[in-house]
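Here the structure is laid out as structure tokens; the discussion comes afterwards.
The values are calculated or read from the model by the stated rules, or taken from the named source; none is laboratory data. Here the structure is a predicted model, which is why all the values come from computation and not from measurement. When we count neighbours, we look across all protein chains shown, and the Cβ atoms used for this are built from the backbone with ideal geometry, even at glycine.
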Amino acid sequence: MSTIQLAPNNLAYKFESPGRYATHVNYLNGHNNYDILEFNSYLDKPYHLNDSFKFVNLTKLKNPNTRVLISHIRERLNSDSSILRGQAVFIDWLVQSEVCKAEQILYIVGCQTEQDFLQEYTQACLKEHTFQHKIKILSYPHFETDAVWRMYQEGLSIANRNYDELKTFVKKDFLFLNAKIHKANRINLAVDLFQRGVLDNGIYSLNTSHTSTELYPLVQHLIDQYSFGHFYSNIPHSPDNIEYDSESDHYLGYPFDYTLYEKTKYSLVAETHYENNPFLLTEKTARPILNKHPFVIASTVGFLKQLHEFGYYTFNELWPEEYDLETDTTKRLSLVADTVEYINNNTVDWVYAYQISKENYTTLQRRYDRSVKLLTECLSGSFRI
């Protein structure tokens, strides 16, 4: 049994510690003896310069078998990030101050490969004029792991009807749920579908604290201001009755109403990243896969191609997916709308679509099993990275 001591008090998202996915680990309260001291890297300055750091018990780290775990599981880090640059300084301080050795430090990332992180960490060290230490790095698919973990450990309900049942239960074509709609792949796509007369064929939401006047410049190439004001005043904000914190403008994607996946044929997903960003699979894509739901995804160039590399199937045999390789963001968004319109106007083999979705669900579970095994071995000290 490995024991984990979380660094205290002011750490955002500390409930998302990677340790929770691993078996045979136990969290400690207070300054007990521990095997792993974990920091969640969401501070934009080095931890040892933070006031709360003085309350962290470092004496245990003198044991060479004790590890320092630094985790950043939500977003990709690049060398311009104040978070990564701060951690580069912190890592150097840990080693130079002889608190621990570099090989005791494990950096876990959830949204980029080990090689990608290593390149960015190298650049961050150069920019901070600090020594680059040979730390251990582990990447795992956080959002996929998180989705399955919630089902197993928190009793999260998911859609579980076969297609014969769905034929009489489905009420709408697609499910299109959105917050932070100031992103182009959300408000623009919604307006484009509205102009094409297909938006009301789906269940959709556009949660935001922004006014129609603030948002109109994003869509003025698609719709006149009067029509947009009318459209905006009538959009549903929460079809699943989930409480949305408009002040923080943030929703973690859970809980959700699983029956929405049973009332619709497929998910239209507007991912977190869309323009010139790296690949990032979040809960927005993991949820449809978990609920055995076919999908169309508005995201970065090559998003579907990357899914294929992970072992997932997409639906190019049933509807057009040319949008995935379109490099022009405006054209790519229009091609996504074309695909939605194609599905609306043509006969689709939904039995086959749901067979594909069941295969994807199996792949999701397989990736979860592998990630949990890897994290468990890593945190127990039996895995050499």
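Summary table
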read-out: Yes/no for Glu377 being in contact (Cβ under 8 Å) with a residue 24 or more places away in the chain and part of a helix (DSSP H, G or I); value: no
read-out: Verdict on Asp369 being more than 24 Å from the chain's Cα centre (by Cα), surrounded by fewer than 18 Cβ atoms within 10 Å (Cβ to Cβ) and outside any loop (DSSP other than H, G, I, E, B); value: no
read-out: 3 or more residues assigned by TED's automatic domain parsing to the domain that holds Val198 and touching a helix residue (DSSP H, G or I) at 6+ places or on another chain (Cβ under 7 Å): qualifying helices (runs of 4 or more DSSP H) within the stretch 249-366; value: 283-290, 303-310, 329-345
read-out: Residues of the stretch 289-313 satisfying the condition of being of a type in the set (S, T, N, Q) and in contact with an Asp or Glu (Cβ under 6 Å, 6 or more places away or on another chain); value: Ser299
read-out: Residue match in the stretch 151-161 (condition: within 30 Å of Leu290 (Cβ to Cβ), touching a Pro at 6+ places or on another chain (Cβ under 8 Å) and aliphatic (A, V, I, L, M)); value: yes
read-out: For Ile105: the one exception among (1) within 30 Å of Glu326 (Cα to Cα); (2) surrounded by 17 or more Cβ atoms within 10 Å (Cβ to Cβ); value: (1)
read-out: Qualifying residue in the stretch 116-138 (condition: buried (at least 17 other Cβ atoms within 10 Å of the Cβ) and closer than 30 Å to Asn207 by Cα); value: no
read-out: The stretch 24-45 residues that are in contact (Cβ under 8 Å) with a residue 60 or more places away in the chain, paired with ones that are among the basic types (Lys, Arg) (beta carbon under 9 Å, 6 or more apart); value: Asp35/Lys60; Asp35/Arg67; Ile36/Arg67
read-out: Scope the stretch 175-200; condition surrounded by fewer than 18 Cβ atoms within 10 Å (Cβ to Cβ) and either under 24 Å from Lys292 (Cβ atoms) or within 26 Å of the chain's Cα centre (by Cα) (or both); matching residues; value: Lys180, His182, Ala184
read-out: Some residue of the stretch 143-152 being closer than 22 Å to Leu374 by Cβ, basic (Lys, Arg) and in contact with a strand residue (DSSP E or B) (Cβ under 9 Å, 6 or more places away or on another chain); value: no
